[in-house]
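The values are calculated or read from the model by the stated rules, or taken from the named source; none is laboratory data. Since this is a predicted model, take the numbers as computed values, not measurements. FYI the Cβ positions are ideal-geometry reconstructions off the backbone, even for glycines, and counts take in every protein chain you see.
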């Protein structure tokens, strides 16, 4: 080896022993805590308040929606009651529309009968015309509306069908019960209900005398 190469070779350095790592006492103290185990501890109350405010806002929105539904329901009920009242009033006002529609032609017939009587001056024609109108009106009321006239003359007196406006005393031959002797105004019924009782004169049975009582009880006494 040459002298030049010996001069350029670096001399070996001594190795310095490494010192052990220094551990801080703060890392081993559990009281002071570690920022990695509890991040941002000061933000917890703020997050809780935000959650409560969000829940309160949602409750208010829900309450507002329920209140709106309740108000709409009240308005619908009020409108329904008003409509029912109006329909009831209209029903009462126009309940006789059909009946009046059937009576108008009768008025027309009366007008024609009056006009004919004024020109012809014939009582028989007027009588026949009025009688025809009466039959037509009775037929319409009976067939379409169930109005019927019931007979009373000669029937036994019934306070449900008859109203006695006069009385006459009957004889022994007239029987033992009150009988309709005369009809002043006819009675009418609607289906199975009496809507006007007949105004009648009633023949009362003859009062019983002592002779009639003895005659009635004679055969039994024997």
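Odds and ends about this structure:
- Number of the condition not met by residue 150 [criteria: (1) out of contact with any strand residue (DSSP E or B) (no Cβ under 7 Å at 6 or more places or on another chain); (2) in contact (Cβ under 8 Å) with a residue 12 or more places away in the chain; (3) closer than 28 Å to residue 195 by Cβ]: (1)
- Verdict on residue 136 being more than 41 Å from the chain's Cα centre (by Cα), modelled with pLDDT of 90 or more and under 30 Å from residue 200 (Cα atoms): no
- Residue, surrounded by the fewest Cβ atoms within 10 Å (Cβ to Cβ), within the range 183-193, restricted to residues that are part of a strand (DSSP E or B) and touching a residue at least 40 places away in the same chain (Cβ under 8 Å): 190
- Within the option set 180, 165, being assigned to a strand (DSSP E or B), surrounded by fewer than 15 Cβ atoms within 10 Å (Cβ to Cβ) and in the same structural domain as residue 191 (by TED's automatic domain parsing) holds for one residue only, 165.
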